[in-house]
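K.L.:
This is the structure I want to talk about, given as structure tokens.
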């Protein structure tokens, strides 16, 4: 096995470990899986993957490096992300509708879930710094241009991340089906998921 293939194998192992380790994105997907059912959980996973792919593109073309080197830009992203998470938390807590598995939700609703998840991922400065610090370690000066290597590695990382998050979304969505007939519990789930958004905002604010 040559050096490059060994490096790629190391990347796959490291990326898998990172993606299956519970974190804010996985917790976010889980909250939507519980409150919105399996489709909601997978939609959130798709949104997170969309944000990750955007970060991969930005990293490949050097934009992420530019942003990470300017603290004011990172601070702006953090502020936007915190405000958005708080807004989501309030919206979820105020939502008094039934569990998603009891209602016929349109594709547009699931698209909105994916959109919200993508925005949350995009406005997390930790993700930007992660891509700048993580992916370049697995590139080589020979062969493809570094930008192309970063794009390919980033895309693979997105695929692994989506697979892990989708499993979490499906599993947590299965739980919501058990709770669908209990309207009191459905309300508690909404409140709990709203609190999760507040906790994620705190994590972002205090760099936990």
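The values are calculated or read from the model by the stated rules, or taken from the named source; none is laboratory data. Please read all numbers here as calculations on a predicted model, not as lab measurements. Cβ atoms come from the backbone with ideal geometry, glycine included; neighbour counts cover every protein chain shown.
K.L.:
Would you call residue 147 surrounded by 21 or more Cβ atoms within 10 Å (Cβ to Cβ) and at pLDDT below 85?
P.N.:
no
K.L.:
OK, next. Condition first: surrounded by fewer than 22 Cβ atoms within 10 Å (Cβ to Cβ), in a helix (DSSP H, G or I) and modelled with pLDDT of 85 or more. Can you find one or more residues in the stretch 31-40 that meet it?
P.N.:
Taking every residue of the stretch 31-40 in turn, at least one turns out to be surrounded by fewer than 22 Cβ atoms within 10 Å (Cβ to Cβ), in a helix (DSSP H, G or I) and modelled with pLDDT of 85 or more.
K.L.:
Within the stretch 98-141, take every residue that is outside any helix (DSSP H, G or I) and modelled with pLDDT of 75 or more and give me the one that is surrounded by the fewest Cβ atoms within 10 Å (Cβ to Cβ).
P.N.:
Within the stretch 98-141, the match that is surrounded by the fewest Cβ atoms within 10 Å (Cβ to Cβ) is 140.
K.L.:
Is it the case, given these coordinates, that residue 45 is at pLDDT 90 or above and either in contact with a helix residue (DSSP H, G or I) (Cβ under 6 Å, 6 or more places away or on another chain) or at positive phi (or both)?
P.N.:
Yes; evaluated as a whole, the condition is true for this residue.
K.L.:
OK, next. Out of all the residues in the stretch 10-29, is one or more closer than 12 Å to residue 170 by Cβ, crowded, with 21+ Cβ neighbours inside 10 Å, in contact (Cβ under 8 Å) with a residue 24 or more places away in the chain and in contact with a helix residue (DSSP H, G or I) (Cβ under 6 Å, 6 or more places away or on another chain)?
P.N.:
Yes, some residue in the stretch 10-29 is closer than 12 Å to residue 170 by Cβ, crowded, with 21+ Cβ neighbours inside 10 Å, in contact (Cβ under 8 Å) with a residue 24 or more places away in the chain and in contact with a helix residue (DSSP H, G or I) (Cβ under 6 Å, 6 or more places away or on another chain).
K.L.:
Please verify whether the stretch 177-195 includes one or more residues that are over 29 Å from residue 80 (Cα atoms) and at pLDDT 80 or above.
P.N.:
No: zero hits.
K.L.:
For the stretch 150-178, name all the residues that are crowded, with 22+ Cβ neighbours inside 10 Å and either free of Cβ contacts under 8 Å to residues at least 60 places away in the same chain or more than 17 Å from residue 50 (Cβ to Cβ) (or both).
P.N.:
Scanning the stretch 150-178 gives 150, 153, 172, 173, 176.
K.L.:
Could you list, in sequence order, the residues of the stretch 140-170 that are within 17 Å of residue 113 (Cβ to Cβ) and over 14 Å from the mean Cα position of the chain (by Cα)?
P.N.:
Selection gives 170 alone.
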